[in-house]
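The values are calculated or read from the model by the stated rules, or taken from the named source; none is laboratory data. Values in this document were obtained by computation on a predicted structure and should not be read as measured data. Cβ placement follows ideal geometry from the backbone for every residue including glycine, while neighbour counts extend to all protein chains displayed. For accessibility, only protein heavy atoms count, side chains too; no ligands or nucleic acids. Shrake-Rupley method; radii C 1.70, N 1.55, O 1.52, S 1.80 Å.
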Amino acid sequence: MTTDRAVTEPGGIAGTATIVADIAIVGGGLAGSLAAAVLARAGHRVALVDKRAVHPDEFRVEKIGGQQLEMFRKLGFLDALANVACRYDQVLNIREGKVVDVSIGRAYGLPYANLVAMARSQLPDPSSLIVDEVTAISCSDDVQHIELASGKRLDARLVVLATGMASALGYKLGIRRRVLAERHSVSFGFTIARKDGAPFDFEALTCYGERTADGIDYLSLFPVPSGMRANLFMFRDPTDPIMRELRREPEATVLRLLPGLWPYLGDFRVTDKVQNWVMDLTMVEGHLQPGIVLIGDAFQTNCPAAGTGVARLLVDVDRLCTEYAPRWLASAGMGSEKISQFYSDPDKVAADQQSLKMARFREALTSRSDIGWDVRRRLHFLRRSLTHRVDQMNPGWLGRVRGALRA
């Protein structure tokens, strides 16, 4: 059951004090913008509220690949993604200057702001985006009331909170964020180019850390529209002086930490500002409330090195927007018993648990120096290297084996 369309539509709100929609999405980053597009294309009246008409240049998700592409295809965004991103199909993986293996598979690189802009461009009606700031939310078993900084009010049957790690609104609702691992990881992002202007001799490259004491998981190099992008993932104290060195002298510091990179990069320079991000692993409590549901980082954060954040986000968008929200709107009420169905969805629960599992695994594989993890680390890279060598001698065998196992 949807709201009577005689009531004010989000697309025609210029002079109104109250906006009425089926679903209000608070937060116009990737999660919120994708959710808004999926729901609006299905015919639901959506109000996407964000205080910025154009998302700023933030250091967040910058590459999409693997199973994430299947989710983008399922949700109908893959062609739009391909039109604004740089495609690459091969990643050279190295450690201590030696080739570990080569990853084959389509992937795309692009700035996060462009990714958000792509998602917003898929809204059937651009005026569904309301540029305003939410100051308060009042929830009930029936209609949810949202107060905006402009003085307007937004009424909706369901509120989707997609505000990332910003917790002020959730805090007002009694939702708390529990820290699972404080300052779990540090990520750096910057763009590089060869000093002689020549292209690099690889499509994309991943260089894994060489010493556990350095706390480096890996450096990922991949193409974006502006050049060759670098993402460095570390498990190290954010107050360590090395963090300042990476910002001030990134070229020399990267080569000192990863000397095996030199033969592949040669003389290179960083062409833009070095950005960095410190990530806490957190999840929320007190979130099961009538009329409101949390998705993406608003519900649980992820380790960037594990690469599970976008996958989790896409599962949230898929399950909520294609399964639960349409079903909830088809009947009266929006009580906690409905909302709980999403939080207990098996696919969502599995994605959340896998994200935390991979976060802990990447940290241990990178930093643990005890004998057990040292052996495990050596076996991990040895297995990959041997598999790669066998595949070189008998091209395609690995793909055939994987295909047989899936059959």
So what are the radius of gyration and Dmax for the Cα set of region 242-298, in Å? 19.7, 58
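Could you give the length gained on full extension between Glu251 and Asp79, defined as 0.36 nm per residue of separation minus the Cα-Cα distance, in nm? Intermediate results must be reported in sequence, preceding the final value.
Values: separation 172, 0.36 × 172 = 61.92 nm, distance 3.55 nm.
Gain on extension, Glu251 to Asp79, equals 58.4 nm.
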Please list, ordered by chain and number, the residues whose modelled amide H lies under 5 Å from the amide H of Tyr218; skip anything fewer than 5 residues away on the same chain. Gly209, Phe233
Measure of exposure for His145: accessible area at 1.4 Å probe, Å² rounded to 10, is 60 Å²
Would you mind counting up the charge near Gly29? Only other residues with Cβ under 15 Å from its Cβ, with Lys and Arg at +1 and Asp and Glu at -1. -2
Violating pairs (Cα-Cα greater than 28 angstrom) within the set Lys98/Lys348; Lys273/Lys348; Lys172/Lys338; Lys63/Lys195: Lys98/Lys348; Lys273/Lys348
Taking Lys357 as the anchor, which aspartates and glutamates have their alpha carbon closer than 20 Å to its alpha carbon, excluding any fewer than eight residues away along the same chain? Glu182, Asp217, Asp280, Glu285, Asp297, Asp316, Asp345, Asp347, Asp370, Asp374
Going toward the positive end of the dipole of the chain, with +1 on Lys and Arg Cβ and -1 on Asp and Glu Cβ, which of Ala80, Met118, Ala198 do you reach last? Ala198
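In whole percent, how big is the carbon plus sulfur part of the accessible area of region 181-257, probe 1.4 Å, protein atoms only? Numbers along the way, then the final one.
Numbers: 1410 of 3100 Å².
Carbon plus sulfur share of accessible area: 45 percent.
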I'd like the accessible area for Thr282: 1.4 Å probe, protein heavy atoms, all chains in place, Å² to the nearest 10. 10 Å²
Show Lys195, Lys338, Lys348 ordered by accessible area, largest first, where the area counts protein heavy atoms only and the probe is 1.4 Å. Lys195, Lys338, Lys348
Volume per residue, Å³, of the convex hull around the alpha-carbon atoms of region 271-407? 212 Å³
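Compute the FRET efficiency between Thr387 and Ser121 as 1/(1 + (r/R0)^6), taking r as their Cβ-Cβ distance and R0 = 45 Å, and round to the nearest 0.05. Provide the component values of the computation, followed by the final result.
Numbers: r = 40 Å, r/R0 = 0.90.
Plugging the Cβ-Cβ distance into 1/(1 + (r/R0)^6) gives 0.65.
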Where a ≥ b ≥ c are root eigenvalues of the Cα gyration tensor, a/c under 1.5 meaning rounded, otherwise prolate if a/b exceeds b/c and oblate otherwise, region 249-350 counts as prolate
Nitroxide proxy distance, nm - points 7 Å out along Cα→Cβ at Thr18 and Arg378: 7.2 nm
Descending accessible area (1.4 Å probe), largest on the left, turns Arg247, Arg194, Arg52 into Arg247, Arg52, Arg194
Would you please give the FRET efficiency between Tyr171 and Glu337, computed as 1/(1 + (r/R0)^6) with r the Cβ-Cβ distance and R0 = 25 Å, to the nearest 0.05? 0.55
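Can you send over the carbon and sulfur percentage of the accessible area for region 298-366, probe radius 1.4 Å, protein chains only?
55 percent
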Give me, ordered by chain and number, the residues 5 or more places off His184 or on other chains with an amide H under 5 Å from its own placed amide H. Met279, Asp280, Leu281
Quick one: what does P(r) look like for the chain with 10 Å bins over all Cα pairs, in whole %? 4, 21, 29, 24, 14, 7, 1
Phi angles of region 212-229, converted by Karplus (6.51 cos²θ - 1.76 cosθ + 1.60, θ = phi - 60°) into ³J(HN,Hα) in whole Hz with x for Gly and Pro, give 5, 5, 6, x, 8, 6, 6, 10, 10, 10, 7, x, 10, x, 8, x, 9, 8
Between the alpha-carbon centers of region 21-55 and region 291-322, tell me the distance in whole angstrom. 15 Å
Surrounding charge for Ala351, neighbours by C-beta under 12 angstrom, Lys/Arg +1, Asp/Glu -1, total -1
In whole Hz, what ³J(HN,Hα) sequence does region 17-22 give by Karplus (6.51, -1.76, 1.60; θ = phi - 60°), x for Gly and Pro? 9, 10, 10, 10, 9, 6
Charge dipole magnitude, Cβ of K and R +1, D and E -1 - the chain, Cα centre, debye nearest 20: 900 debye
Enumerate the aspartates and glutamates that Lys51 could reach by cross-link, defined here as Cα to Cα under 12 Å, with residues fewer than 8 away along the same chain left out. Asp132, Glu133
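Within 13 Å, Cβ to Cβ, of Glu285, how many net charges do the neighbouring residues add up to if Lys/Arg are +1 and Asp/Glu are -1? Mind dumping the intermediate values first?
On the way: positive: Arg176, Arg177, Arg178; negative: none.
Net of charged neighbours comes to +3.
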Ile292 long-range amide H proximity, modeled H, under 5 Å: Val159
